[in-house]
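Okay, structure first, notes after.
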Amino acid sequence: MSVLYVVGTPIGNLNDMSVRAVETLKSVDFIAAEDTRVTLKLLNHFDIKKPMISYYEHNIRERGNIIIDRILSGESCAIVSDAGMPCISDPGEDLVRLCSENNIDVKVIPGPSAAISALCISGMNTSRFTFEGFLSTSKKSRAEHLESLKDERRTMIFYEAPHKLKNTLEDLKKCFGDSRKISLCRELTKLHEEVLRFNLSEATEYFESITPKGEFVLILEGKPLCEEEVTLDEAVNMARELVKGGQKLTEAAKTVAKNTSFNKAKIYKELIEE
Ligand code: SAM
């Protein structure tokens, strides 16, 4: 019986293409690609010659049925997106569902995904997380989405385009407050890979003077357990008590930062200003 292969491709660095991904693309009868021009570059790089069919957001329904018919008639297919894993904020989910409805075997050839790659280097809690994808551009559904996350305790992962980043950071700050921690993971696996670790107030301030460039994944801290209970004054008081008990200012600020939603620098600054 024929198979649909869901094949992960690099998110920037072509050396992240797996041996199995290359072998699979060489072995199938045809490739369903989100953008055939983008995939052609990848195929050329790995010297793969294979017929392609475009499969993207606006032709999913019509192409999906064509692809399923071809697989049912005995051909094997690989689906790839422009970068990363198909089906993750990219076409693929629909085709996999059609395969399951038609008893077609689906196999995964795992590759990088920007979401997991970013989470791993974010410095945030990785034990429990939620993937939120892109926030909607419609004001109403964006507001509803953010509202539904207000009490989320798990680490949250968002995708964002550079030209929408400033606006999104403002919306996140309005919803989650100044002190919530965020890691902005930029240009992963590329020359200018960078992780910016801020709280939301620092993040919006940073981008007042800097124009966001490249691709971003935003890793937002979940709601801290003590967020409602401890104000900044109370956090500084806690630190003051530790200093009275013999801790150095930096040590006290670090301890309190670990147990509250305020960062070390903020508490330290308050302590030395006294
Ligand atoms: N399917 C892909 C995956 O598995 O990661 C995601 C595709 S989605 C259309 C594109 C978004 O992923 C970008 O807007 C950005 O948020 C994120 N992204 C993709 N490549 C990235 C990279 N190299 N560095 C940072 N973010 C990246």
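Picking from S117, S100, which residue would you name as being in a helix (DSSP H, G or I), without any contact (Cβ under 8 Å) to a residue 12 or more places away in the chain and in contact with a strand residue (DSSP E or B) (Cβ under 8 Å, 6 or more places away or on another chain)?
S100 is the lone residue from the list that is in a helix (DSSP H, G or I), without any contact (Cβ under 8 Å) to a residue 12 or more places away in the chain and in contact with a strand residue (DSSP E or B) (Cβ under 8 Å, 6 or more places away or on another chain).
I need a count of the residues in segment 230-260 that are within 30 Å of the chain's Cα centre (by Cα), surrounded by fewer than 17 Cβ atoms within 10 Å (Cβ to Cβ) and charged (D, E, K, R).
Matching residues across segment 230-260 total 1.
Can you run down the residue pairs with Cβ atoms below 8 Å, 6 or more apart or on separate chains, where the first is in segment 171-183 and of a type in the set (S, T, Y) and the partner is assigned to a strand (DSSP E or B)?
Close Cβ pairs satisfying both conditions: S179/N199; S183/V195; S183/L196; S183/R197; S183/F198; S183/L218; S183/I219.
Cβ-Cβ distance below 8 Å, separation of 6 or more or different chains: which pairs start in segment 195-207 with a residue that is without any contact (Cβ under 8 Å) to a residue 24 or more places away in the chain and end on one that is open to solvent by less than 20 Å² (accessible area, probe 1.4 Å) and among the small types (G, A, S)?
Matching pairs, first to second residue: L196/S183; L196/A203; F198/S183.
Please go through (1) open to solvent by 60 Å² or more (accessible area, probe 1.4 Å); (2) more than 16 Å from the ligand (Cβ to nearest atom) for S76 and return the number of the only condition it doesn't satisfy.
With respect to (1) open to solvent by 60 Å² or more (accessible area, probe 1.4 Å); (2) more than 16 Å from the ligand (Cβ to nearest atom), S76 is out only on (1).
Taking the stated definitions as given, is T36 farther than 17 Å from L98 by Cα, under 29 Å from the mean Cα position of the chain (by Cα), among the polar types (S, T, N, Q) and open to solvent by less than 40 Å² (accessible area, probe 1.4 Å)? I'd like the intermediate steps shown before the answer.
Numbers: farther than 17 Å from L98 by Cα: yes; under 29 Å from the mean Cα position of the chain (by Cα): yes; among the polar types (S, T, N, Q): yes; open to solvent by less than 40 Å² (accessible area, probe 1.4 Å): no.
Judged against the criteria, T36 is not a match.
Since E57 meets every condition but one in (1) surrounded by 13 or more Cβ atoms within 10 Å (Cβ to Cβ); (2) within 12 Å of the ligand (Cβ to nearest atom); (3) not aromatic (F, W, Y), which condition does it not meet?
Checking E57 against (1) surrounded by 13 or more Cβ atoms within 10 Å (Cβ to Cβ); (2) within 12 Å of the ligand (Cβ to nearest atom); (3) not aromatic (F, W, Y), the one that fails is (1).
Could you list, in sequence order, the residues of segment 103-114 that are away from the ligand (no atom under 11 Å from the Cβ), open to solvent by 50 Å² or more (accessible area, probe 1.4 Å) and not in a strand (DSSP E or B)? Walk me through how you get there before you give the answer.
The initial filter retains those residues of segment 103-114 that are away from the ligand (no atom under 11 Å from the Cβ), namely 103-109.
Checking which are open to solvent by 50 Å² or more (accessible area, probe 1.4 Å) leaves us with 103, 105-108.
Matches in segment 103-114: N103 only.
Determine the pairs where a residue that is under 21 Å from N199 (Cβ atoms) and open to solvent by less than 40 Å² (accessible area, probe 1.4 Å), located within segment 122-151, has a partner that is in a helix (DSSP H, G or I) and of a type in the set (S, T, N, Q) with Cβ atoms under 7 Å apart, the partner being 6 or more residues away or on another chain.
That search, which allows pairs on different chains as well, returns L135/T168.
The values are calculated or read from the model by the stated rules, or taken from the named source; none is laboratory data. None of these values were measured; they are calculated from a predicted model. Counting neighbours? That spans all protein chains shown, and the Cβs are built from the backbone with ideal geometry, glycine included. For accessibility, only protein heavy atoms count, side chains too; no ligands or nucleic acids. Shrake-Rupley method; radii C 1.70, N 1.55, O 1.52, S 1.80 Å.
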